1. Would you mind telling me which numbered condition in (1) over 15 Å from Glu123 (Cα atoms); (2) at pLDDT below 95 Ala202 fails?
2. Check whether at least one residue in the stretch 151-174 is touching a Pro at 6+ places or on another chain (Cβ under 6 Å) and in a strand (DSSP E or B), and report yes or no.
3. Could you list all residues from the stretch 194-211 that are within 20 Å of the chain's Cα centre (by Cα) and surrounded by 15 or more Cβ atoms within 10 Å (Cβ to Cβ)?
4. Could you look through the stretch 162-174, keep only residues that are open to solvent by less than 20 Å² (accessible area, probe 1.4 Å) and of a type in the set (A, V, I, L, M), and pick out the one that is nearest to Gly131 (Cα to Cα)?
5. Filtering the stretch 129-161 down to residues that are open to solvent by less than 30 Å² (accessible area, probe 1.4 Å) and among the hydroxyl-bearing types (Ser, Thr, Tyr), which residue is nearest to the chain's Cα centre (by Cα)?
6. Could you please find all residues in the stretch 45-61 being farther than 17 Å from Gly191 by Cβ and either open to solvent by 40 Å² or more (accessible area, probe 1.4 Å) or at pLDDT 80 or above (or both)?
7. If you scan the stretch 175-190, which residues turn out to be open to solvent by 30 Å² or more (accessible area, probe 1.4 Å), touching a Gly at 6+ places or on another chain (Cβ under 6 Å) and either free of Cβ contacts under 8 Å to residues at least 40 places away in the same chain or not in a strand (DSSP E or B) (or both)?
8. Do we have any residue at all in the stretch 192-205 that's among the hydroxyl-bearing types (Ser, Thr, Tyr), closer than 21 Å to Trp108 by Cβ and part of a loop (DSSP other than H, G, I, E, B)?
Amino acid sequence: MYNSKPLNTDLPSSRQLLRSTIIAFIVAVVLLVTVVLPSEYAIDPTGIGRVLGLTEMGEIKGQLAEEAAADAARDAAATGTAPADSAAAAAAAPQADSALAAADPEAWRDQMQVELAAGQGAEVKLVMTAGQKASFSWDAQGGVVNFDMHGDGGAGGESTSYEKGRGAASGEGVLEATFNGSHGWFWRNRGDATVTITLRTAGDYAQIKRVM
């Protein structure tokens, strides 16, 4: 092999380089509009992303981001959290008191229905004092929901989350209040169809109320 300098005829001309750059730019713009924007941000100006199923992917990512932001805002707004051992004990309460949760349906003290349109959220709370227990059972008809079972409003500004879930169709167990205040559920319908939640409760609480 011999070392030699390339001839000018072997190198691309300025015109060829410009054409290649323009083609690469056009391809990048097409990919941005038809693939990246629909799949990442649910922005689909051409409609191709919807056909390929990429826009739905972007919508799901957006929903998850909104849920994460809502969770972060709720946690940031809390002025105090339950100690780790208290939270663990509260989480274990449904297993420890499964017999109470399996009570005869006729023994339910209250029953409430909450209708959620697409994207809508709702919150139902029980007014309880520390140590009181309430059995509960809820189910969603027409779809699934995201939920956060939590408590707040104590005299000392306490706030805690007992359990969270996404894409759930039902839930049951025993809610044990870790402080005096309001304890219950926040549900949000992230689907496209209306969902009806039926909540049944029994046990120790002063009042059940829908707060939003």
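The values are calculated or read from the model by the stated rules, or taken from the named source; none is laboratory data. Here the structure is a predicted model, which is why all the values come from computation and not from measurement. Backbone-built Cβ (ideal geometry, glycine too); neighbour counts: all protein chains shown. Quick note on the areas: whole protein, heavy atoms, side chains included, nothing else; ligands and nucleic acids left out. Shrake-Rupley method; radii C 1.70, N 1.55, O 1.52, S 1.80 Å.
1. The one condition Ala202 does not meet is (2).
2. Yes, the stretch 151-174 contains a residue that is touching a Pro at 6+ places or on another chain (Cβ under 6 Å) and in a strand (DSSP E or B).
3. Val195, Ile197, Leu199
4. Ranking the candidates gives Val174 first.
5. Filtering first and then ranking leaves Thr160.
6. Passing the criteria: Pro45, Thr46, Gly47, Ile48, Arg50, Val51, Leu52.
7. Listed by number, the list holds a single entry, Asn180.
8. Among the residues of the stretch 192-205, at least one is among the hydroxyl-bearing types (Ser, Thr, Tyr), closer than 21 Å to Trp108 by Cβ and part of a loop (DSSP other than H, G, I, E, B), which makes the answer yes.
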